[in-house]
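Notes for the one structure printed next.
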Amino acid sequence: MGNRSLAGRMAAGFAKKAWVRVMDRVGGKLVSGMADTSSDAPDSRFVPKRDLYSKMVSKENADAGSESE
């Protein structure tokens, strides 16, 4: 830290927090557009590329239906 004043250290801290927030938002949108993160962390603006859970449920229901016949 050294010779920086309290105000200077506070300003640097605020700037760092603001930069991290901006990068979180921009980076999150960038990554969600490139990778399939929809199954792990769904986002209201993002349409899932795969729906593994509903496929598993429909398969289980189909298997249960065929066993009961």
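The values are calculated or read from the model by the stated rules, or taken from the named source; none is laboratory data. Just so you know, these numbers come straight off a predicted model, no measurement behind them. Note that each Cβ is placed from the backbone with ideal geometry, even for glycine, and that neighbours are counted across all protein chains shown.
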>> So the check is Cβ under 6 Å with 6+ separation or different chains; which pairs have a first residue in the stretch 10-36 that's at pLDDT below 85 and a second one that's of a type in the set (D, E, K, R) and outside any helix (DSSP H, G or I)?
In response: 36/49
>> For the stretch 1-29, give me each residue that is in a loop (DSSP other than H, G, I, E, B) and surrounded by 10 or more Cβ atoms within 10 Å (Cβ to Cβ).
In response: 4
> Taking into account only those residues within the stretch 37-69 that are among the acidic types (Asp, Glu) and not in a helix (DSSP H, G or I), which is modelled with the highest pLDDT?
Replying inline: 51
